[in-house]
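Q: Sharing a structure below in structure tokens format, with a few things to ask.
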Amino acid sequence: MQNTDDYLVQQFQNGDRDAFTHLVHRHKRDVFRFVLSKVKDAELASDLTQDVFVKVFKSAGLYQSTGKFRSWLFRMAQNTCIDHYRKQQKASILSLHKKIETDDELTLMDQVEDETSNPEKELEFNELQEVIELAFDSLPEKQRTALVLCQYHGMSYHEIASIEKIPVGTVKSRIHNGLSKVRDILKENGLIERG
């Protein structure tokens, strides 16, 4: 019992800072790897990992011992990454190459005309990215969040459901509806074929 995360959190909540240090040492490598997989920059991942543990330190009193500390910790790590991108105003647009778990096996990029390396096509491609970003920004927050977690962060529907505390079916619906809206906007702008 004394080695469980919940026990250590409880000890920390009772004033034992060594218990918090033990939690950090136990989870820092996994949190770092998780954050690194999201931000793709080791220095930034290190900074954000520290931010995660600062947030854990400050909000540990809110944690209720349920045996799900690791999920709580990784939800905090995910939210820290999302907050970082919001602050930087560099929220990634939908990945054009990733397949989405739908009946439709086409990615958005599959539906966009082939882009070659000539300057005219490159300009068109940049315009496409701008339209996708605008389409993405026009989505309701819940759909946008689900798409960011799925497309940019590569999370499964189950992981998103756990982080957002919603059923998997709701995640699927948000992603499907959000992607449909993005595709409709691309069709309206003549960037993908109507069909």
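Q: From the list LYS28, LYS38, exactly one residue is in a helix (DSSP H, G or I), surrounded by 14 or more Cβ atoms within 10 Å (Cβ to Cβ) and touching a residue at least 60 places away in the same chain (Cβ under 8 Å). Which is it?
A: One residue alone meets the criteria, LYS38.
Q: Pairs, please: C-beta under 8 Å, at least 6 apart or cross-chain, first residue in contact (Cβ under 8 Å) with a residue 40 or more places away in the chain and β-branched (Val, Ile, Thr) and in the stretch 1-17, second surrounded by 10 or more Cβ atoms within 10 Å (Cβ to Cβ) and assigned to a loop (DSSP other than H, G, I, E, B)?
A: Note: pairs meeting the criteria are VAL9/TYR63; VAL9/SER65.
Q: Also: For THR21, all conditions in the list (1) crowded, with 17+ Cβ neighbours inside 10 Å; (2) more than 20 Å from THR66 (Cα to Cα); (3) among the β-branched types (Val, Ile, Thr) hold save one; what is the number of the exception?
A: Tallying (1) crowded, with 17+ Cβ neighbours inside 10 Å; (2) more than 20 Å from THR66 (Cα to Cα); (3) among the β-branched types (Val, Ile, Thr), THR21 fails exactly one: (1).
Q: Restricting to the stretch 15-50, give me the number of residues that are modelled with pLDDT under 90 and either closer than 17 Å to MET155 by Cβ or β-branched (Val, Ile, Thr) (or both).
A: So the count comes out to 9.
Q: Does at least one position in the stretch 61-70 carry a residue that is at pLDDT 90 or above, in contact with a helix residue (DSSP H, G or I) (Cβ under 7 Å, 6 or more places away or on another chain) and not polar (S, T, N, Q)?
A: Taking every residue of the stretch 61-70 in turn, none turns out to be at pLDDT 90 or above, in contact with a helix residue (DSSP H, G or I) (Cβ under 7 Å, 6 or more places away or on another chain) and not polar (S, T, N, Q).
Q: Using beta carbons and a limit of 7 Å, which pairs, at least six apart or on different chains, have the first residue in the stretch 50-79 and touching a residue at least 60 places away in the same chain (Cβ under 8 Å) and in a helix (DSSP H, G or I) and the second one among the acidic types (Asp, Glu) and surrounded by 19 or more Cβ atoms within 10 Å (Cβ to Cβ)?
A: Listed by first residue and then by second, the contacts come to PHE69/ASP5; ARG70/ASP5.
Q: From GLU124, GLU193, GLU130, which residue is modelled with pLDDT under 80 and closer than 25 Å to LYS40 by Cβ?
A: GLU130
The values are calculated or read from the model by the stated rules, or taken from the named source; none is laboratory data. Keep in mind that this is a model prediction, so the values were computed, not measured. So basically every Cβ, Gly included, is an ideal-geometry build from the backbone, and we count neighbours across all protein chains shown.
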